[in-house]
Amino acid sequence: MPYGFFMKFWRVLFFSILGLIPGSNSSSADESGAKKVYVLPIREDIMPPLVYLVRRGVKEAMQANADVLIVDMDTNGGRVDVTEEIIEILNQFKGETVTFVNRKAFSAGAFISFATQKIYMAPQSVIGAAAPVMLSPGGGGIESMPDTVEAKMSSAISALVRANAQKNGHNVEVADAMVKKTKELKIDGKVLNEKGQILTLTDQEAKEEYGAPPKPLLSSGTVESLDELLKALNLNQASVTKVEPTGAETVATWINAISPILLIIGVIGCYIEFKTPGFGLPGIVGITAFAIYFLGGYVAGLSGVEWVAVFVIGLALVATEIFIFPGTMIPGLIGAMLILVSLVMAMVDIYPGAPKIPTLPQLKVPLQEVGISLVASAIIAILIMRFFPKTSFYGALVSQSASGVQSDLQQMQKRILHEGRVGVAISALRPGGKAQFGDEILDVISQGDLVAKGQRVRIIGHSGTEAIVEVVA
């Protein structure tokens with residue numbers, strides 16, 4: 001195919017993906033002018049699956065141009081690393097953020113509450129007890145931490161909570177007292193938390209006013225329900241969307257945990273499929289692994305279906321290079337580039353309204369995972385190329401649906417063993433012709449260059465019944 005065609009195709013595809021073609025982005029603004037509220041439930045322990053729920057909810061709210069995001073909180077807490085991820089995600093939302101402590105916001109739940117601009121509480125609800133703890137191996141209980149470790153963790157977490165409290169106008173001293181046992185909280189001469197204790201507040205204590213002018217200690221008010229909260233925020237006429245957990249978040253957690261393994265399986269499966277006649281188990285396994293990989297990114301709220309399309313186009317171009325236009329290089333290079341871009345972008349977290357081109361920090365983890373997977377796949381592919389055709393398992397993995405499969409198997413094994421052999425062109429290659437390798441004379445084809453009779457050539461691959469060769473210097 002002409003070079004210009006591929007370059008034009010690449011430019012159109014690239015700019016379409018980045019959303020730079022006019023009309024490629026759509027707005028979901030509410031034409032009625034009513035304010036939009038999204039309610040995000042945190043009703044379980046703060047663990048990895050919750051990250052995907054929060055990410056999905058925040059992105060949906062941003063895509064809908066929502067005015068307010070309400071975190072409906074009822075949790076005993078959870079992991080600090082997951083909490084930090086959730087706080088970073090919430091910070092992406094540019095509208096008003098509110099926490100409604102429906103019953104309790106302990107530990108990590110309190111951290112997240114300080115990351116929102118307002119906090120409201122239900123009657124008899126509580127917030128606090130945010131000191132770090134260490135789970136025993138297997139998660140069976142809580143272990144005591146060495147004093148030095150506890151001091152370091154408390155200091156780091158306290159800084160995180162204080163930073164968010166300060167950003168959102170909450171009392172920094174209250175935030176500190178919820179994390180540090182060494183902190184005494186005294187306001188207007190009244191000791192609210194003694195040294196050695198961790199601050200926990202009821203809804204009534206949290207809404208008490210102190211200082212001059214008087215200001216609530218933490219809570220903006222006590223409300224009976226979510227409907228009452230909307231009235232307190234003058235949003236009783238707003239359009240309300242509740243983000244519902246689907247259960248797929250747990251699946252995404254497991255998929256993304258094994259994503260490098262899925263990439264290796266996908267690459268090796270497709271590699272074996274290209275090396276064997278017909279279409280069979282290796283291809284099915286490889287395609288399934290890639291499909292699960294992209295599914296994990298999609299459910300996690302990272303990638304969209306557009307990257308699946310980019311991957312398929314890339315794979316088709318590579319296949320075109322191998323089977324239809326061997327030696328032309330351009331389809332294969334573009335296809336490989338599209339495959340690589342799609343695999344990386346499937347794990348990049350981009351939010352609505354943000355630049356379509358990811359930053360280096362956004363690319364760091366995806367590039368690491370894809371890079372490690374490709375290196376491992378290359379090593380495995382080399383081992384397969386060397387040893388696999390000689391094993392009894394080779395025939396079992398080849399599709400039995402291919403016509404003349406047994407003869408094809410023998411021919412394929414022979415071709416693989418031929419790769420790397422050096423011979424002599426016994427006719428000019430224009431680019432096709434004949435070359436002799438030992439006692440065998442084979443039909444060969446060069447990579448588009450004219451090869452003179454008598455030049456030494458090496459077999460580097462096959463196209464149909466012809467061996468692809470390169471000149472040996």
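The values are calculated or read from the model by the stated rules, or taken from the named source; none is laboratory data. Predicted model, so just to flag it, every value in this text is computed and none were measured. Virtual Cβ from ideal backbone geometry, glycine too; neighbours counted across all protein chains shown.
Before moving on, here are some points about what is shown:
- A single entry from GLY296, GLY247 fulfils the requirement of being within 14 Å of the chain's Cα centre (by Cα) and within 22 Å of ARG56 (Cβ to Cβ): GLY296.
- Top-ranked residue in region 438-458 [being at pLDDT 90 or above and either under 23 Å from MET385 (Cα atoms) or surrounded by 16 or more Cβ atoms within 10 Å (Cβ to Cβ) (or both); ranked as nearest to the chain's Cα centre (by Cα)]: ARG458
- LEU397 falls short on exactly one of the conditions (1) at pLDDT below 85; (2) more than 17 Å from GLY286 (Cα to Cα); (3) not hydroxyl-bearing (Ser, Thr, Tyr), and that condition is (2).
- Qualifying residue in region 413-431 (condition: farther than 30 Å from LEU262 by Cβ, modelled with pLDDT of 85 or more, of a type outside the set (Gly, Ala, Ser) and touching a helix residue (DSSP H, G or I) at 6+ places or on another chain (Cβ under 8 Å)): no
- Lone qualifier among LYS195, LYS183 - being touching a helix residue (DSSP H, G or I) at 6+ places or on another chain (Cβ under 7 Å), part of a loop (DSSP other than H, G, I, E, B), among the charged types (D, E, K, R) and without any contact (Cβ under 8 Å) to a residue 24 or more places away in the chain: LYS183
- Looking across region 70-110 at every residue that is surrounded by fewer than 22 Cβ atoms within 10 Å (Cβ to Cβ) and among the basic types (Lys, Arg), the one that is farthest from GLN166 (Cα to Cα) is identified as ARG103.
- For region 423-439, a residue qualifies if it is without any contact (Cβ under 8 Å) to a residue 60 or more places away in the chain, in contact with a Gly (Cβ under 8 Å, 6 or more places away or on another chain) and not hydrophobic (A, V, I, L, M, F, W, C), and the qualifying residues are GLY423, SER427, GLN436, GLY438.
- Residues being part of a strand (DSSP E or B) and charged (D, E, K, R) - total across region 427-447: 3
- The numbered conditions (1) under 36 Å from the mean Cα position of the chain (by Cα); (2) of a type in the set (S, T, N, Q); (3) farther than 30 Å from MET62 by Cα are all true for GLN197 except (1).
- Residue match in region 13-31 (condition: over 24 Å from GLU244 (Cα atoms) and at pLDDT 50 or above): yes
- Listed by first and then second residue, the pairs linking a residue in region 158-175 that is among the charged types (D, E, K, R) to a residue that is not in a helix (DSSP H, G or I), with Cβ atoms under 9 Å apart and 6 or more places separating them unless they lie on different chains, are ARG162/VAL179; LYS167/ASN91; LYS167/ALA115; LYS167/GLN117; GLU173/LYS183; GLU173/LEU185; GLU173/LYS186; GLU173/ILE187.
- Remark: pairs (first residue in region 217-235, over 29 Å from LYS190 (Cα atoms) and in the same structural domain as LEU69 (by TED's automatic domain parsing); second residue of a type in the set (D, E, K, R) and buried (at least 20 other Cβ atoms within 10 Å of the Cβ); Cβ separation under 6 Å; 6+ apart in sequence or on different chains) are absent.
- Test for ILE265: is it surrounded by fewer than 16 Cβ atoms within 10 Å (Cβ to Cβ) and assigned by TED's automatic domain parsing to the domain that holds ALA381: no
- Test: residue in region 49-57 that is under 25 Å from the mean Cα position of the chain (by Cα) and modelled with pLDDT of 95 or more: no
- Boolean, VAL68 is hydrophobic (A, V, I, L, M, F, W, C) and over 23 Å from LEU229 (Cα atoms): no
- The number of residues in region 448-459 that are without any contact (Cβ under 8 Å) to a residue 40 or more places away in the chain and assigned to a loop (DSSP other than H, G, I, E, B) comes to 6.
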